[in-house]
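To keep things clear, I will list the structure first and then write my remarks on it.
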Amino acid sequence: MTPLERYDSLVDDPEAFRRACERPLPSVVRVNTIKATTDRVADALDTEGVDYEPTDWHPGVFRLPNDSPGRNWPHAHGWIHGQEEVSNLPALVLDPQPGDRVWDACAAPGSKTTQLAALMDDSGLLVGNDNNLGRLSALRHNAERLGVTNLVVTNQDARNFSLKPLGERATDDGGIDAFDRVLVDAPCSCEGTIRKNPDAFDTWSLDHVHSVAGVQKGILRRAIQATRPGGTVVYSTCTFAPEENEAVLDHVLDAEDCRLVDFDAPLDGVPGVTEWQDETYDPSVEKALRIYPHHNDTGGFFCAKLEVAE
Ligand SMILES: C[S@@+](CC[C@H](N)C(=O)[O-])C[C@H]1O[C@@H](n2cnc3c(N)ncnc32)[C@H](O)[C@@H]1O
């Protein structure tokens, strides 16, 4: 049994799901509005002779049917960034505003960090954190190429994240100075990346699913603690396993003072699941979105929006 067959009972159309997982993923770029406009990028791609198709759900996300994202000069100049279509979703759901304080807890190599910076008009404070130093150099390189200046990079385990290295003090209750919004694009078993990375299942095991779920719970709890009352946390993964998705939300809803909220998604998907094998989850996990590859011809994804109690 492959990991995908595990999800037959959850997926609306298992045949279409499996066929989509076998197709290669289209090349997709995001327009970097810190340096360019959609029209300017379209003109530059025309001049270069690079074919592109704007997606029907976002004017600044283009499919490149015959090119890979890094092979043209608009990329070298930082006007565009190669980013899987569905991976654009979490930053849009977090919806950071110019001037906000935002923490990207698992940030490397920085696709979503740089998207967050663009949504913030490169203003306010954006903290991009990752526990993997090697991956952080890719984040720094991307941020530089894309012209991001509102970013501070930190190298910590997000489960114990502290702002002390940045000169900020702990609050009286042992928390940290609060962020307005936090993105947790969590490490996961990456089942949803199978179209991009056909080796994704070579290292798959149920033990890994369970161990990474423990890390995800710790990171998401810290994210809630680090967010101001009424602030927003978005949790995303690129995997299908409910152990890493709804079960993590269920755990955090119990452990921290927060709730799941509805959001408008520009991509098709289905609600989070409330039952899996012998487990049942808080009914509000239905507010999360599961995106399967056959829904929008993308990779697989999971996204949920939480609000911290006032
Ligand atoms: C899904 S990737 C993030 C992708 C990134 N958000 C992007 O869009 O480019 C998950 C990241 O979490 C990092 N990570 C794993 N465990 C972590 C931890 N305990 N604290 C912080 N980062 C962690 C990994 O190094 C990896 O870079």
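Brief remarks on what is shown
- Cα-based shape type of segment 43-179, given that a ≥ b ≥ c are square roots of the gyration tensor eigenvalues and the cut on a/c is 1.5: prolate
- For the chain, lysine pairs with C-alpha atoms less than 17 angstrom apart, excluding pairs fewer than eight positions apart on the same chain, total 4.
- Centre-to-centre separation between the Cα atoms of segment 189-246 and those of segment 107-137: 18 Å.
- The modelled label-to-label distance for the pair R140/D207, using points 7 Å beyond Cα in the direction of Cβ, is 3.5 nm.
- Over segment 262-310 - Rg/Rh using Cα atoms and the Kirkwood inverse-distance radius: 1.02
- Charge dipole of the chain (Cα centre as origin; +1 on each Lys and Arg Cβ, -1 on each Asp and Glu Cβ, all else neutral): 1120 debye, rounded to the nearest 20.
- Gyration tensor (alpha-carbon) shape descriptor, segment 156-299, a/c threshold 1.5: prolate
- Cα-based shape type of segment 243-287, given that a ≥ b ≥ c are square roots of the gyration tensor eigenvalues and the cut on a/c is 1.5: oblate
- Relative contact order of the chain, pairs being alpha-carbon contacts under 8 Å that are 6 or more residues apart, as %: 18 percent
- Distance (nanometres) between label positions extended 7 Å along Cα→Cβ at A309 and D264: 3.0 nm
- Most fluctuating residue given options V86, V285, V261, as computed from a GNM of the chain linking Cα atoms under 10 Å: V261
- A helix-only calculation puts the chain at -8000 deg cm²/dmol for mean residue ellipticity at 222 nm, using -39500 (n - 2.57) for each DSSP H run of at least four residues, averaged over all residues.
- Here the 3J(HN,Hα) profile of segment 119-134, calculated from phi with Karplus coefficients 6.51, -1.76 and 1.60 at θ = phi - 60°, is 5, 8, 6, 6, 10, x, 10, 10, 9, x, 10, 7, 8, 10, 4, x Hz, Gly and Pro shown as x.
- Karplus-derived 3J(HN,Hα), 6.51/-1.76/1.60, for each residue of segment 230-246, Hz, glycine and proline x: x, x, 10, 10, 10, 10, 9, 9, 10, 9, 9, 4, x, 4, 9, 10, 4
- Peptides ranked, highest mean first, by Cβ atoms within 10 Å: ranges 241-250, 214-223, 39-48: 241-250, 214-223, 39-48
- Percent of beta bridges antiparallel (DSSP, segment 168-310, rounded to nearest 5): 75 percent
- Placing unit charges on the Cβ atoms of the charged side chains and taking the dipole of segment 69-214 about its Cα centre, the candidate lying farthest along the positive direction among P98, T193, H77 is H77.
- Rounded to the nearest 5, the antiparallel percentage of DSSP beta bridges internal to the chain is 60%.
- FRET efficiency, L133 to D199 (Cβ-Cβ, R0 25 Å, nearest 0.05): 0.60
Values quoted throughout were computed directly from the atomic coordinates according to the rules given, and no laboratory measurement underlies them. Being a predicted model, the structure only gives us computed values, none of them experimental. FYI the Cβ positions are ideal-geometry reconstructions off the backbone, even for glycines, and counts take in every protein chain you see.
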